[in-house]
Each structure stands twice: as C-alpha cells, then as structure tokens.
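Since the structure comes first, as structure tokens, the remarks are kept for the end.
Where a number appears in this text, it was derived from the coordinates with a stated rule and is not lab data. From a predicted model like this one, the values you see are computed outputs, not experimental measurements. Quick reminder, even Gly has a Cβ in these numbers, built from the backbone with ideal geometry, and neighbours come from all protein chains shown.
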C-alpha cells in the first residue's frame with residue numbers, strides 16, 4: 001500500500017434558517033448529513049468537501065461528488081491518537097484507491113465523540129466502480145476506536 005498525493009477543495013454553506021436541531025437542519029437542507037453543522041441566530045453554517053482529486057502514478061482521479069456531498073466538517077489537519085487528517089492510498093496491485101475522511105466536531109472534549117464520523121471510499125480503477133462506508137462517531141467511541149493504535153493498519 002502506498003500513500004497518494006491528493007488535492008481537496010472545500011466549500012461552505014451559509015443559509016438563513018431557524019433550524020437548530022439536526023433533524024430540523026436536515027429538513028431545511030433537503031438531505032441528511034454526517035458531521036457538524038452549526039446553527040446559531042437564525043443562520044446555518046457548515047464546511048463540506050467540494051471535491052477530492054487523487055493523483056496516482058499514472059492518472060488523476062476525480063472522486064464523484066455523490067460520495068462527498070453529505071460529509072461535513074472534515075478533519076483537515078488535526079492529529080490525536082487514531083484521529084488523522086484526510087488520507088488517500090493505492091493498494092499494492094494498483095487496482096484500487098482508498099480514501100479515508102474523518103469528521104471533526106467543534107468540541108475539544110476528546111472523550112465525548114470528538115470524531116463525528118469516519119468515511120472510507122474505495123474506487124476500483126479497472127471498473128471505475130466505487131463503494132463508500134460511513135460510520136458515525138458514536139459507534140466508534142463505543143468500541144474504543146480512539147485508543148486503537150492499529151485501527152488504520154491495512
């Protein structure tokens with residue numbers, strides 16, 4: 001497995017809204033989401049991934065927007081135990097790309113579900129098919145994910 005260079009572009013959502021609870025925000029946005037969206041004083045604010053471009057030794061791959069559009073507040077630089085910024089790998093057979101995205105909550109309380117989700121995107125380079133798995137942070141903390149040093153070993 002080899003780590004790949006990648007480029008990530010972020011955009012933000014700013015909307016006037018009286019929504020406050022997550023289900024109210026989802027209703028206002030028109031879709032469900034993973035991650036943190038802040039709603040204060042009648043305004044909804046969020047950062048989300050606009051696009052990810054992976055650079056393999058022979059090609060450049062643009063990740064489909066449908067795989068990214070509901071992932072908010074991605075971790076761009078924070079590291080602590082098992083928490084890492086976005087990463088991209090190609091397998092040793094050079095057939096698949098693996099992209100790991102972790103969402104970060106605005107709290108600094110590491111013990112309180114600081115990680116809001118982990119998303120794993122797999123792109124088969126031969127068939128161009130993709131798969132995505134997203135696990136909410138609450139499930140991960142139940143299993144002690146934060147302190148599992150070999151969680152990301154492939």
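Tabulated values for the structure
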item: Spin-label model distance (nm) - residue 122 vs residue 59, 7 Å beyond Cα toward Cβ; result: 1.7 nm
item: Potential lengthening between residue 45 and residue 83 on full extension [0.36 nm per residue; Cα-Cα distance subtracted]; result: 11.3 nm
item: Potential extension, residue 143-residue 13 segment - 0.36 nm per residue separation minus Cα distance; result: 43.6 nm
item: Segment residue 38-residue 129, length gained on full extension (0.36 nm per residue, minus Cα span); result: 29.4 nm
item: Computed FRET value (nearest 0.05) for residue 76 with residue 26, which takes r as the C-beta separation and R₀ as 22 Å; result: 0.40
item: Relative contact order (%) - criterion: Cα under 8 Å, at least six apart; region: the stretch 1-102; result: 30 percent
